[in-house]
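Bear in mind that the values in this text are calculations on the coordinates, not laboratory data. All of these numbers come straight from a predicted model, not from anything done at the bench. Note: ideal-geometry Cβ built from the backbone for every residue, glycine included; neighbour counts use all protein chains shown.
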Number of protein chains: 2
Amino acid sequence: MPFQYLNMFKTSRRAVPQRATSEETRRLVLETALALFRERGFDRTTVRDVAERAGLSLGAAYYYFDSKEAIVGAYYEHVQHEHLTRARAGFEQSADLRDRLRAAMHTKIDIMQDDRGLLRALFRYGGDPDHPLSWFGPATREQRRLSVQVFDEAIADERLPIDVRDITPTLLWALHMGILLYFLYDRSPSAQRTRNLIDSAVDFVVGGRRLVTLPLLRPVRRRVVSILRDAALLPESR
Amino acid sequence: MPFQYLNMFKTSRRAVPQRATSEETRRLVLETALALFRERGFDRTTVRDVAERAGLSLGAAYYYFDSKEAIVGAYYEHVQHEHLTRARAGFEQSADLRDRLRAAMHTKIDIMQDDRGLLRALFRYGGDPDHPLSWFGPATREQRRLSVQVFDEAIADERLPIDVRDITPTLLWALHMGILLYFLYDRSPSAQRTRNLIDSAVDFVVGGRRLVTLPLLRPVRRRVVSILRDAALLPESR
DNA sequence: GTCTATAAAGGGATAGAC
DNA sequence: GTCTATCCCTTTATAGAC
């Protein structure tokens, strides 16, 4: 078990801070946990299992994460960070709206491809507003903001009326949540059906892009804006 | 405990079948269970508690429902039946689309008004395709079909192009699911925010009703139809 | 102090008598 | 249809070993 030697120098009182090593260990715990979640499921994985496979004591594991839930919180952050990074890499490849939306959607599924079991387990918290892991609760507001931001950047170069500009990222986020739900239920090989749905949905959005600016649809737009605002479904500050 | 006398004549071998009494007892178990779910929550209610308060033995309760989940299944059916009944009563009051959609949406919240805690607990099953209580899984297909049917009847008298006619009930069902999610998180008194959201959403739909038939939007409609079909999101037979 | 083995409790579900 | 008795699994508590 070589892992336990990662911190073998921690007692030597060096002036150099050990942040790198500490972060590595934290990362090791996170990745070990994810591997176990994938292997045997979220519920059947104990923090003990994680610590054991990571070559750490139970106490050490709890030093890095206050709880099993905190590990999941770190996973959320990882997904978010990874999504922003990969999507931006995609955005640099093309200024075309279709390409950018595809990148935004597909990279998310890429990241989560192997974690459907975990996501299905985490879905349960979605119904509890007070749970720190709820995808819709106040505790994950920051994650949601970052998630919306990906779509905000995807349409950053589009010339759109200000009202459309304001609500589109949130609507795209909602669409992407719907696609994630579809993904949870998708049993096709490599989630091919979800991939197809993404492409179709993106084509639909791109097709709608020209329509929304029509004067005829102006009242509809205004109505959508006011609905979302009244329902407090838009991020507070823009 | 007067309840246990409901069947006090059970040993008299009357020719008349006792179905009525049996149904009453079943109903008693269901209503007792719901009362306890509301009082102390789904997880903290045991079948033992239900049986005790209903004045039955544990075994008797299990005679009527194979499991605690089966009780919830009966609740789903109750909600569905009640929704269809109340919505139809509303539909008889008005031929106006706005009124009918409002009736369809508001009656659903009326029925569930006191069960938000239970719904939040049941939400957890939504992520598991194989769970019999998942709102999106194959096991509840029939419930979903009936749920979509309410919206089908709401728009029954509208003169709409066939493709719009085919997909609108499903889209309205999806909208209503989104509103239910909002409802789970709504902490305003009497779920007033949800009520407002319903009214706004209905106005939006009614406003869109004239637009969808525009020739300009024909390609958009066709695209939506094919997306939903390809994704198997429409009921099979219509 | 921490770990582990074992006991106790809780609770879903079933079997068979009546 | 309803009862009692019981099974069986999971969670929680505890006691003694290390």
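Computed from Cα atoms, the angle from the helix A:19-40 axis to the main principal axis of chain A rounds to 80 degrees. Our summary gives chain B a relative contact order of 15 percent, counting only alpha carbon pairs under 8 angstrom and 6 or more residues apart. Sparsely packed loop sites in the stretch B:114-163 (the trypsin sites (Lys or Arg not before Pro) outside DSSP H, G, I, E and B with at most 16 other Cβ atoms within 10 Å) comprise B:R159. Using a 7 Å projection from Cα along Cα-to-Cβ, the label point at A:G207 is separated from the same position in the remaining copies by 2.3 nm, smallest value first. Closest approach of a chain A Cβ to the axis relating A and B (residue, whole Å): A:R124, 2.
Shown for the protein assembly as shown: lysine pairs separated by 8 or more places, or found on different chains, whose C-alpha atoms are under 30 Å apart, numbering 5.
In summary, chain B shows an alpha-carbon radius of gyration equal to 1.19 times the 2.2 N^0.38 Å reference for compact globular proteins. Taking Cα atoms only, the orientation of helix B:97-112 departs from the longest principal axis of chain B by about 30 degrees.
Just want to confirm a number: the relative contact order over the stretch A:52-126, from Cα pairs under 8 angstrom separated by 6+ residues, in percent. Across the stretch A:52-126, relative contact order equals 23 percent.
Comment: the Cα-to-Cβ extended label point of B:R26, at 7 Å, lies 5.7 nm from its counterparts in the other copies, nearest first. Between helix B:68-93 and chain B there is an angle of about 50 degrees, using the helix long axis and the longest principal axis of the Cα atoms. Going by a ≥ b ≥ c, the root eigenvalues of the Cα gyration tensor, does the stretch B:61-105 fall in the rounded group (a/c under 1.5), the prolate group (a/b larger than b/c) or the oblate group? Prolate is the answer for the stretch B:61-105, as a/c is 1.5 or above and a/b outweighs b/c. Averaging over all projection directions, the Cα-based convex hull of the stretch A:36-114 occupies 6.0 nm² in the image plane. Sorted from closest to farthest, the other copies place their A:S94 label points 4.6 nm away, with each point set 7 Å from Cα along Cα→Cβ.
Above 23 Å lies some portion of the pair distances; for the stretch A:67-160, what is it as a whole percent of all C-alpha pairs? Beyond 23 Å sits 30 percent of the P(r) for the stretch A:67-160. Summary value for the stretch B:89-224: 25 percent relative contact order, contacts being C-alpha pairs under 8 angstrom separated by 6+ residues. Translational diffusion of the protein assembly as shown, estimated by Stokes-Einstein from the Kirkwood radius over alpha carbon pairs at 20 °C in a medium of 1.002 mPa s, is 84 µm² per second. Size descriptors for the stretch A:116-238: radius of gyration and Dmax over Cα atoms are 16.0, 46 Å.
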